[in-house]
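Encoded as C-alpha cells, the structure appears first; notes follow it.
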C-alpha cells in the first residue's frame, strides 16, 4: 500500500464479505455505527451456503474473495460470515498486510464478559460448531465457563424462505434450543449472520432471562475501535454521488438485490456479478 | 474416442453427476436396472445446492464436471440433477460427442403418457421451475395438458436434516402441495432428486388417485435403451475387484459417504475429493 498516503488510506473503502446475503446484517450495523465509511460488500451467492463445507474449501473460497477485495484497494476487511471467520480467518490474517477481523471474536468476548452464571450457549452452522472456535475464544477470556453448542442447519433455509414468524420455525427452534434451555444458560450467541432475523422467535423460546448476543453489533463496534487505533477512520462523509456502498455477488444479482433491500433500508440500486474463482491466483499483498 | 474399439467402449464406465447427494437416487436405479455397468459418480458437494443458482452458473459448473468425467473416459453421461438438466443439458449436448441424457425428458415423457385428465403437477427447485423445462417437454409430447409447477425450496434441507417422516415435513408439504390438490391433478412429477426420499409423505398428502412420477426410474430405463441402440451396453459383468462403482465429490468426502450409504445399500467404501473448478479449461472432446 505504498502508493497511498494516510489521507487516501482513510478514504479507501472497507471490504465486507459473506457466503451470501446473511452478512448484510453485519453490513447494516457497520453502516449505522460508522456512517462515514465507504463499503464494498461481496456475497458468494454462487457457492452459498458455507455452513456445511469443509475448512479447506471455505478457506479457498474466502481467499479468492479477499484477493478480489484487495484488487479494489480496501483498507480493511470484515469477514461477515461465522463459518468463514471460524475456518479461514487465522490463515488469512497471516497472508495479508491490511487489518482483517471476523465476527466470532467480538461475539465471544461480549458473551464471556456478560454471563453471570457461567453457562453460555452458541448456535450456528455445522461448520462453525465443528470448528469449536467459539468455545476456544470464550475460554481464552474466561476459563471457568460451560459452553454448549448446537448446530441449527434449518434456520438458514427457513429465513431465506421468509418464514421469520411461523409455527414451523417455532417448532424447529424449540427442538434445536431444548438442550440449551435444559442447561439453564444465561447467554446465547447468535453465531450465524441469518439468526438475528429470527431473533424474536429465539428470544421468545429461550425466555427473557437469557441474553442474546448479536455478533454483528459487536463486530461493527470492534471495527470502529480498530480503525481509530490504526488512524484509518474516515473523518468526513463521502461526497454525494461517490458510490458509498457497492455490492458484488458471484451469482443472481437480481435475487440478491430483492433480499438485500429487505434487510438494509438503504436502497440497493444494483449488484454486480463477479466470478470469485477467477481470483484464485491473484498475488498476495 | 478413436483410441477405443467397440469392446473397450462397451466396458467403459458411465458418468453420473449431481450437485450433491440427491443424484444417488438416480445412481441407485441405474445400478438396479443395468447391473453390468461401471459407474463413476460425481457430487458437487462444494457448491451444492444448484437449485437457486442462475442458468449461467449451473451451466459453467456442469461443464467443468463433464470435463472431469471425460478425462475418466466415460462412454456416456447422465445428468442426475433436475436443475442441471433443465439449465445446462442443451448446451452440453452440443459441446460433446458422447451420449448425454438428463432426468427431465424421461420424467416429462411418462407424465404426458400416463395422465388421464390432462392435469399434471411438477414440483422441483426454484431453478427447475423457472426454467419452464418440464411444461415445455410435456407439451412437445401432448399439447392439450395443463401443467402446474410449484417450487419447494425447503424439501432439500428437510431431507438432508433427515426429517423424512416428521410433522414439520408434513406441514411444509401440505402448504407447498395445496395448489396442486386444488387443481385436481392426476399426475405429479417429483422433479428433484431428493424428493423420492419423501415420496411417502408426498403420496399421503396428494392421495392415492395421484400418480407420482419418479424421473430416476424413467431415466435409468431410457439410459438402458440408449446404450442398446448405440451398441454400448456392457454384456458381461465387471470382474470382481474391478472397482465397479467410484465416487467423487468436490468437498466433504466423509459426510458424503455417510449420507450415500443411507441411500445406496451397496457399501460405499470411499469417496475421493476432486476440485471441479480445475476442469474449467479442459479441451472439448
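The values are calculated or read from the model by the stated rules, or taken from the named source; none is laboratory data. Treat the numbers as computed from the prediction; the structure is a model and nothing was measured. For neighbour counting, all protein chains shown are included, and Cβ atoms are generated from backbone atoms with ideal geometry for every residue, glycine included.
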**Prompt:** Take the residues of segment B:138-156 that are in a helix (DSSP H, G or I) and surrounded by fewer than 21 Cβ atoms within 10 Å (Cβ to Cβ): which is farthest from the other protein chains (Cβ to nearest Cβ)?
**Reply:** B:141
**Item:** Filter pass, residue B:126 being surrounded by fewer than 24 Cβ atoms within 10 Å (Cβ to Cβ), free of Cβ contacts under 8 Å to residues at least 12 places away in the same chain and either within 14 Å of another protein chain (Cβ to nearest Cβ) or touching a strand residue (DSSP E or B) at 6+ places or on another chain (Cβ under 9 Å) (or both)
**Value:** no
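Please verify whether segment A:104-119 includes one or more residues that are at pLDDT below 95, surrounded by 19 or more Cβ atoms within 10 Å (Cβ to Cβ) and in contact with a helix residue (DSSP H, G or I) (Cβ under 6 Å, 6 or more places away or on another chain).
Here is the first cut: in segment A:104-119, the ones at pLDDT below 95 are none.
No, segment A:104-119 contains no residue that is at pLDDT below 95, surrounded by 19 or more Cβ atoms within 10 Å (Cβ to Cβ) and in contact with a helix residue (DSSP H, G or I) (Cβ under 6 Å, 6 or more places away or on another chain).
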**Request:** Kindly establish whether residue B:160 is on the phi < 0 side of the Ramachandran plot, modelled with pLDDT under 95 and within 11 Å of chain A (Cβ to nearest Cβ).
**Result:** yes
**Asked** In this structure, is residue B:81 within 14 Å of chain A (Cβ to nearest Cβ), touching a strand residue (DSSP E or B) at 6+ places or on another chain (Cβ under 6 Å) and either modelled with pLDDT of 95 or more or under 30 Å from residue B:14 (Cβ atoms) (or both)?
**Response** no
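Only one of B:204, B:175, B:199 is part of a helix (DSSP H, G or I), surrounded by fewer than 20 Cβ atoms within 10 Å (Cβ to Cβ) and under 19 Å from the mean Cα position of the chain (by Cα). Can you tell me which?
Only one candidate passes the filter, namely B:199.
For the structure I just gave you, tell me whether residue B:165 is under 28 Å from residue A:157 (Cα atoms), assigned to a loop (DSSP other than H, G, I, E, B) and touching a helix residue (DSSP H, G or I) at 6+ places or on another chain (Cβ under 9 Å). Break it down into steps so the answer makes sense when it comes.
On the way: under 28 Å from residue A:157 (Cα atoms): yes; assigned to a loop (DSSP other than H, G, I, E, B): yes; touching a helix residue (DSSP H, G or I) at 6+ places or on another chain (Cβ under 9 Å): yes.
So residue B:165 fits the description; yes.
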**Asked** If you go through segment B:39-49 one residue at a time, do you hit one that is in the same structural domain as residue B:238 (by TED's automatic domain parsing) and farther than 22 Å from residue B:280 by Cβ?
**Response** yes
**Request:** Tell me which residues, restricted to segment B:236-260, are buried (at least 16 other Cβ atoms within 10 Å of the Cβ) and part of a loop (DSSP other than H, G, I, E, B).
**Result:** B:238, B:244, B:250, B:251, B:252
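Output the residues belonging to segment A:31-46 that are surrounded by fewer than 24 Cβ atoms within 10 Å (Cβ to Cβ) and more than 12 Å from residue A:246 (Cβ to Cβ).
Here is the first cut: in segment A:31-46, the residues surrounded by fewer than 24 Cβ atoms within 10 Å (Cβ to Cβ) are A:31-36, A:38-40.
Scanning segment A:31-46 gives A:31, A:32, A:33, A:34, A:35, A:36.
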**Message:** Can you find a residue that is more than 14 Å from every other protein chain (Cβ to nearest Cβ), at pLDDT below 85 and surrounded by 13 or more Cβ atoms within 10 Å (Cβ to Cβ) anywhere in segment A:269-284?
**Reply:** yes
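Here is a yes/no grid of residues against (1) without any contact (Cβ under 8 Å) to a residue 12 or more places away in the chain; (2) under 19 Å from residue B:159 (Cα atoms); (3) in contact with a helix residue (DSSP H, G or I) (Cβ under 7 Å, 6 or more places away or on another chain):
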{"site": "B:16", "(1), (2), (3)": "no, no, yes"}
{"site": "B:21", "(1), (2), (3)": "no, yes, yes"}
{"site": "B:25", "(1), (2), (3)": "no, yes, yes"}
{"site": "B:35", "(1), (2), (3)": "no, no, no"}
{"site": "B:40", "(1), (2), (3)": "no, no, yes"}
{"site": "B:45", "(1), (2), (3)": "no, yes, yes"}
{"site": "B:59", "(1), (2), (3)": "no, no, yes"}
{"site": "B:70", "(1), (2), (3)": "no, no, no"}
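Looking at residue A:91, is it crowded, with 24+ Cβ neighbours inside 10 Å and at pLDDT 95 or above?
On the way: crowded, with 24+ Cβ neighbours inside 10 Å: no; at pLDDT 95 or above: yes.
Answer is no for this residue.
Is at least one residue of segment A:185-199 under 20 Å from residue A:133 (Cβ atoms) and without any contact (Cβ under 8 Å) to a residue 60 or more places away in the chain?
We begin by selecting, within segment A:185-199, every residue under 20 Å from residue A:133 (Cβ atoms); these are A:185, A:187-196.
Keeping just the survivors that are without any contact (Cβ under 8 Å) to a residue 60 or more places away in the chain gives none.
The answer is no; no qualifying residue exists.
Within segment A:214-230, is even one residue modelled with pLDDT under 90 and either assigned to a loop (DSSP other than H, G, I, E, B) or in the same structural domain as residue A:150 (by TED's automatic domain parsing) (or both)?
no
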**Item:** Failed criterion for residue B:248 (all others in (1) within 14 Å of chain A (Cβ to nearest Cβ); (2) closer than 15 Å to residue B:18 by Cβ hold)
**Value:** (1)
**Message:** Residues that are touching a strand residue (DSSP E or B) at 6+ places or on another chain (Cβ under 8 Å), over 24 Å from residue A:225 (Cβ atoms) and in the same structural domain as residue A:205 (by TED's automatic domain parsing): does segment A:99-119 have at least one?
**Reply:** yes
**Message:** Checking the condition assigned to a loop (DSSP other than H, G, I, E, B), surrounded by 14 or more Cβ atoms within 10 Å (Cβ to Cβ), away from chain A (no Cβ under 14 Å) and at pLDDT 95 or above, which residue from B:233, B:180 passes?
**Reply:** B:233
